Structure formats: structure tokens, C-alpha cells
Amino acid sequence: MTSDPKEFVAKIPQLNLSEGTEMLIDFSREAQRHLISARNALLILETAPTDKESIESVFKTFHTIKGLADFLKLTDIFHITSKMEFMMDLVRKDALPFGQDVAMLTGDAIKGLQKLLELLDEQISNEGKLQNPYYDVGPLVDAIQRLSEKKPLNAVPSRPSAVKALAAINFEPDLSVHQEIIDIVAKNSEATLSVPGDLLKKLIADFKDVSRELKEAQGKLQERQRELVKERELAIRLTHQAQGEARGKSEYLANVSHEIRTLINAIMGFTYLLRESPLTAKQQDHLGTIIMSGKMLLEIVNDILDFSKVEAGKLKLEKIDFDLEHIIEEVFKITRSRLVNKPIQLYFAVADDVPRGLVGDPTRLKQIFMNLLDNAIKFTDGGEVGMTVNREAGGHSKDDHVVIRFVVEDTGVGIPANRQQALFQSFVQASDSTTRIYGGTGLGLALCKTFVEKMGGHIRMESVLGKGTTFIFTIPFPQSQQPSVSPAVLHDLKLDQHEFLLVSDNERTGTALLATATRIRIKPVIVLQTVKQASEFLLKREEDGGQQPAVIFIDTTLPGKEAFMLAYKIREREKYQHIRLVALTPDPKIEAAAEFQEAGFDASLMKPVIKTEVFDILVMLLSQKPTDRRMIRPDVLNKISCEGTRVLVVEDSVPNRELLKIHLEALGCAVDYAVNGQEAIDFLKKGEYDICLMDLQMPVIGGLEATQMIRKELKNNVPIIALTAAEIQEEREKCLASGMNDYLPKPFDPDELKEKIIKCMKM
């Protein structure tokens, strides 16, 4: 060693109570304390090599000792610790894995430092006279350097486990040498210092007492450290076990959900086919109930799968551009179809200052909306269920985020005060009888809370028993840079030259239609509340020779049969034959549309009014000749033909393959099918296709691998739509990364299948 503690001892008389020796003693004690921590961390890293806390502890040990050694000019100690500090810094930055070589060298370094500290203690206690002064640090320093440079370790002997061998070494500092140091200090001090003997003896006695107390305290500390190491090791083992169990459960649930979704796909698929058969209105309603039940079952499966991902820490959120208003309209289209036999008025309102284009996870946001609205409908027997969307006051941050406030409220049964806070917990419902009466898993609200908080927002609730419940949540969103286009600018029909009338006593319906008129750029709608007012308005226009409204929207929830009476009166007058009548109804049943047609209505729209549906209805009605009278429903809007489209179906499941073939041929498509990815590649080598529907899990070659081969080897850019029974959010990135254009979940809706095909054909 370069530094010579003997020099410090010789200077004791001049340093006033042996300052140099005391510094070395303190260094030795401090260094050994840090080495104990490093050893304990190393034991943990043997079973958990990626434990960040333990890696950081080892790094800090070498960093601290290096700094002290540099100050005291302890060259050999400085060389080892500086090299180890550099190597552990690579490990903590994930530039070097904490493997067997690193573990071995770390153990050797700790042992080497321990040996050097022992030699230092011998030098001090024997006044610089070493019994065994030799310890060669060269090979160890060279080995650390080579590993840091990611070179082979030829000079380092291998052994089964350096860490286990290390555990048997006694790293506890030997404080007995301190007595010898004290004697040295006393001897030298008494001879040269002008300090009264009694005072010096008192100082030495006090020092002995402190040293003894320190030794006792250190013993207790070391014992507690050993206990903590054992506790930590147990905790790590239990954590690993729990994580393994969580992963296993997650994988099991994913497999089960895949099988369930596949079966639901077959059930719902053939139900869709039956719906296209010549059935009575009652039979159509029965099929609608089956489809609705299948969708609700699918949502339960998805909730269970999402919950398992949350538990396993695998929940990921997307960050993509989306149209908020479009998402809300989609949700309410689905929600209103579930109001069979429930006298509930649905509504939604989006404030004018809420930006349409946002960046986030539209799938999870839609899931939040659906869960909250489904709950509201479930616990509301009559009245209103709706959602309002506003821009939070002052909710605009420097990074161009906008805070949106969502309020979902109902006039249902309400929730007792003592049960409200617990509702956001998993598997909890408002009362023990809730499941028996209303059904459900008790996961929906817990997932909503998780999604909202993962998006950086907050959610809370207010409820009054017997009066209703309100859920309020805020989420910050980055604003999208993608421009949003009103449907009105996509059509050359001059809608602003026509006048429109609404007859409704429902304030929310009037507000919604007025807002829609603004968004699709038509004249403000004239709102009248009663049939009498409407009759008087039309009669006065007739007397004044003024222009009658082109379209009259009539709310079918008017008292009694007033809506139908007004329609009959208008159709009886020859001068009113050019007026188009649209029924606004909350009733989703098939027979309701037949009743509207019989009364003389030209079209029907379900409430709440959807902007795109209103626009499409107006375009179709105003494009008709006055003599062309046929009933228009939202389900027949935008029927773009797929006639002649060549489709390759790649699906190994016979029922799913047959379902797809029937649906596609009904759309006018020409269909070929393959049973695996290899057959799909062979088909594409021989012929051209407009669309390829690709299942993901297939024998021989799966869908993802087949898509990669089609893109890279065949250089074929045919639009490929993924067919998957797995959870969409989880599979989407893989599908798009492989070269697919879109994805379609199983079970699929025939209308959604058609939309996907049309969308891909436009690419």
C-alpha cells in the first residue's frame, strides 16, 4: 500500500489527540459498515438480479469508500472501488446485466477490500509493523476493467457461487484493535503533550466508555441488519411467487376468455343470420334480445380479463388521435339499444368549447362511458339517464393539455351513504341483494377508477337514496393536431336553404337538436312544445303564403298519441304532402318503426339524436322526390355496396369460416378461404384480392407471421384485417406492427365487418 499509517502515528503529538490515526480508524469502521450493506444486497441479488434497490446499495458502497480512500490517499482501495463504481454504474443503467461474472467479481472485490482493511488495522495497531503485508490487487482490478469493457474474464477463477461463498465470510469489524490504538495514542500523548495527566486520563476513560457503548450498539445494529436481510429475502421470494401466480392467472384467464369469445362469436354470428330471415316482428325482437345478451356477456368477459391485467401490472394505455364527439355518439348508439321495456329518456350534451380532436386511449374511454351508463340504466326504472361534457374552468396547462369534465347522472334508486366509498373497490356492489336483483360482477366501477387514474384524472360520486346518482370525473388530454371536418362540408346539398321544425315538450331533446343543427351547419331549428302550437304555426304559414318547413321532427313521447295525431293531420292535407316527417323515439323495437310508417312518417330516429344520423336522414329525405315515399330508419343509412369485392378469408375454425362466408356473400363479395397462413401466402401468389381477413391463431403459420411474410417477401400491399378472439387492446400493437391495416374482434357485428371492409378499400 502506498499510504503509510505509521507517518500518521508519528505525528500524533502534533495533531492533538492523534488526528491522523483517528481518521484512519473512522475510515476503517465506516468502510466495513458499508461492506456489510453491500454483502447483504449481494445476497438479495443472487435471487433477484434486477432488484434496483440492491444494485443501488452496492453502487453507493463502492462510491462512498472510493471518495474516502481518495482523500486519505489509500491507493489500492481507491483502485478497486473506482473500478467497481464504474462497473456497477453500468449495471444500474442497464448497460451491463448483473450476471454470474458480475456477482463473482463483486464478491471478490468485497473480500479484497476486507483484506485491505484488515491490513490497515494491523498497521495501525502495530505501529506500522505488518506480519503479512502482501495483498496483490492487480488481477482483481484488471478483471473488473475487462468486465466493464464487456470482455471475457480469463483471469478470474470460476466457481459455483461466489455469493454463497461470500456469505460465509465474517465482515463484522473487529473493534478490539481500538484498545491498542488508544494505548498508542495515550503513550505518545503523555510523552509530548502539555495536557494535565488527570484530564488526559479522563479523556481516555471517556473514550473507552464511548467505544464500549458503540461496540454494543453496533452489535445490536448488525443483528437487526441480519434480521432485515432475512425478512427482505423472504419478501422477495414471496413477491416472486405472487408475481408468478399473477402471471399464471392472467395467462389462464386470457386463454379462457379466448375460448369463450370464440363460442360467443358462433352463437351471435348465427343469430345475426337468423335476423336476416323473414321473421315476425316478435321473433326479431327475440333475436335482438339474444344479441344484446351476448354483447353483455362479452363485456363481462372483458371486465374479468381487464381486472386480471390490472392485478398483473400489464394494463397499458394507448396514445392516439380520436374524435371525442364520435366516441360519445358511438356509446349512445349502443346504450339506447338496451332500453327495451324501460321508460328512460337518454341524453347527452357536449359544450361548444370542448375540442373534438384529442389524444389518448379511445377504447378505454369508451369503456368508462359504457360501464357508467350501463350502471345508470341498470339501477334506473324510469326517468332520465345522461351525460354532459364540459371543458373544466382553467383546465389548460402549458403543454397544451385540456381538462375535460364528464358527468354521468341518473334518476335511479340511489346508493346508501355507507356504501358509496366502497363501490370503487373490486367485487363490491351497493348491497348484498344487488347481484341477485340486477346482476353484474362488481368490477365495472373499480375498472373505471383504474382507467381514469391511469389517464391522470380523478373520479368521484354523489348519490341521494331514492333520487339518483351522479358520477363526475375529469381527465387531462393533449389536443390533437388532426383537423376535424363537419359532415356538412362533405355534401353539396344546400341544407342551409331549408327550414326545420321540432315538436317536443322535452327540453333536452330541443337543446340536443339545436346543437346538432349548429354542428351540421343548417338553419336553427324552430322548437314548438305542443301539437296545438305546431298546427297553428303551419296554418299561419299557409294563410300568409309563407314557405312551410321542409322537415318536421316530432317527439313520440308527447302525451297520449299526439305525435301520431299530428302526423295523420299533416298527411291528410294535400298542401303539406311535400313536408317530410321524422319520428324521434326512445323505442328500439322493430314494431315501433312499422307503426311510424303506418302513421305517415318518412323516417325514424332514436333518441338521443346523433349528429351523423340526423345529417344522413336529412340528406336522404331532401334528395327524394315528393312522390317517393319510403320509410327510412338509421339501420338502412349509408349502405355502400361491396358488390364484386374479392375477399380472402384465412380462418382455421370451420364455424367461423362459414359465418364469414355467408355474411360476405350476402354483401356481394366473392370469397375464397384458407385454413392457415401458408395457404394464404399460396393464394396471394396466384391471384389478386381486395381484402384479406386474417385470423391470428392458426396451425402451420399464424396470422402475424403470415402477414410479415406477405409484406416483406411477397411485397403485397393487400389490406389485411386481423380476426382475433383475444382482448383487442392487447393485440392491436402486434397486429399493426406486423403490417396489418385494421382488426376485427370476435364476436363481430356484420355491420362492423362491412364498415371495416369499406374503410380498408378506401385506403
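The values are calculated or read from the model by the stated rules, or taken from the named source; none is laboratory data. These numbers were taken from a predicted model, which means no experiment stands behind them. All Cβ positions, glycine included, derive from the backbone under ideal geometry; neighbour counts span all protein chains shown.
What do you reckon, is Ile757 in contact with a helix residue (DSSP H, G or I) (Cβ under 6 Å, 6 or more places away or on another chain), surrounded by 18 or more Cβ atoms within 10 Å (Cβ to Cβ) and either closer than 27 Å to Lys295 by Cα or at pLDDT below 85 (or both)?
Considered against the rule, which asks whether it is in contact with a helix residue (DSSP H, G or I) (Cβ under 6 Å, 6 or more places away or on another chain), surrounded by 18 or more Cβ atoms within 10 Å (Cβ to Cβ) and either closer than 27 Å to Lys295 by Cα or at pLDDT below 85 (or both), Ile757 comes out as no.
Let me confirm something: among Phe537, Phe596, which residue is of a type in the set (A, V, I, L, M, F, W, C), part of a helix (DSSP H, G or I), at negative phi and at pLDDT below 90?
Values: Phe537 fails: at pLDDT below 90.
Of the residues listed, the single one that is of a type in the set (A, V, I, L, M, F, W, C), part of a helix (DSSP H, G or I), at negative phi and at pLDDT below 90 is Phe596.
Any idea how many residues of segment 56-75 are part of a helix (DSSP H, G or I), over 20 Å from Ile36 (Cα atoms) and not hydroxyl-bearing (Ser, Thr, Tyr)?
Residues flagged as part of a helix (DSSP H, G or I), over 20 Å from Ile36 (Cα atoms) and not hydroxyl-bearing (Ser, Thr, Tyr) within segment 56-75 amount to 3.
Every residue in segment 454-478 that is hydrophobic (A, V, I, L, M, F, W, C), over 20 Å from the mean Cα position of the chain (by Cα) and outside any strand (DSSP E or B), please.
Correct list: Leu465 only.
Select from segment 540-557 the residues that are among the aliphatic types (A, V, I, L, M) and buried (at least 21 other Cβ atoms within 10 Å of the Cβ) and list them in ascending order.
Val551, Ile552, Ile554
Being buried (at least 18 other Cβ atoms within 10 Å of the Cβ), within 14 Å of Val452 (Cβ to Cβ) and either in contact with a Lys or Arg (Cβ under 7 Å, 6 or more places away or on another chain) or charged (D, E, K, R) (or both) is the filter here, so list the residues in segment 361-389 that pass it.
Residues satisfying the conditions are Asp361, Arg364.
Do the conditions hold for Arg146, that is, is it modelled with pLDDT under 80 and in a loop (DSSP other than H, G, I, E, B)?
So Arg146 does not fit the description; no.
Out of Val340, Val310, which single residue is over 30 Å from Thr47 (Cα atoms) and either β-branched (Val, Ile, Thr) or at pLDDT below 75 (or both)?
Val340
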